[in-house]
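Remarks on the structure that follows.
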Amino acid sequence: MKKGIIIVIVIVVLVFLYGLATYNGLVTSNVNADTSWKQVEVNYQRRFDLIPNLVESVKGVMKQEEAIFTALAEARTRYSGATTANDKALAAGQVESAFGRLLAVVENYPQLKSAETVQTLMSQVEGTENRISVARLDFNNIVRDYNLKVMRIPSSIIASLFGFDERAYFEATEGSEKVPEVKF
């Protein structure tokens, strides 16, 4: 009889320890995903800080591209007002679309491409775009690992008990596969 009680206690303790370890693993993964998203946002902010400088450098030479400047400003405003990671990712996609058109304009104007200020800013933008790409990849990898923990049995039981839900991946916005077209 005593042996049976000890076995039951050991099983209960093991289940409790497993549940505790799983819960802590889910919390850690969730925080890692939040931290990774913040890194994406830091890189977006760097891009958004560079955009006005590039726009001002280009504006002096190109008054006719006002629509691109307006679209960039509006997209930056939408990003600033977004509250969720998904809304921010959507707004960032809109910034990327307008920004892609601006970059295409710069490429098509030799006098802009050769301007030292524009060259410096373009170099910084290129580095920032690379950082954003790496940060997005890192974020999606962390979200994948987290989502696997949330979906796999038996950790999915702990996840559902404590309200851990799947997280959304960063996905490219619709139409982002198209190269921006600039007509003169």
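Every number here is computed from the coordinates shown, using simple stated rules; none is lab data. Predicted, not measured: the structure shown is a model, and the values here were computed from it. Glycine also receives a Cβ, built like all others from the backbone with ideal geometry; neighbour counts cover every protein chain displayed.
Just a few scattered comments:
- Fewest-first ordering of Ile9, Ile132 by other beta carbons within 10 Å of each residue's beta carbon gives Ile9, Ile132.
- Distances between every pair of Cα atoms in the stretch 2-161, grouped in 10 Å steps from 0 to the bin holding the largest one, split as 10, 28, 22, 15, 10, 8, 4, 2, 1 percent.
- A simple spin-label model places the labels of Lys38 and Glu166 2.7 nm from each other, with each point 7 Å out along Cα-to-Cβ.
- At R0 = 45 Å, FRET efficiency that the Cβ-Cβ distance of Val15 and Gln45 yields, to 0.05: 0.50
- Of the residues Phe16, Ala92, Asn141, the one whose Cα sits farthest toward the positive end of the charge dipole of the stretch 2-161, with +1 on the Cβ of Lys and Arg and -1 on the Cβ of Asp and Glu, is Phe16.
- Ranked list, fewest to most other Cβ atoms within 10 Å of each Cβ, for Lys88, Lys3, Lys38: Lys3, Lys38, Lys88
- Using a Förster distance of 41 Å, the FRET efficiency for Ile153-Glu107 (Cβ separation, nearest 0.05): 0.20
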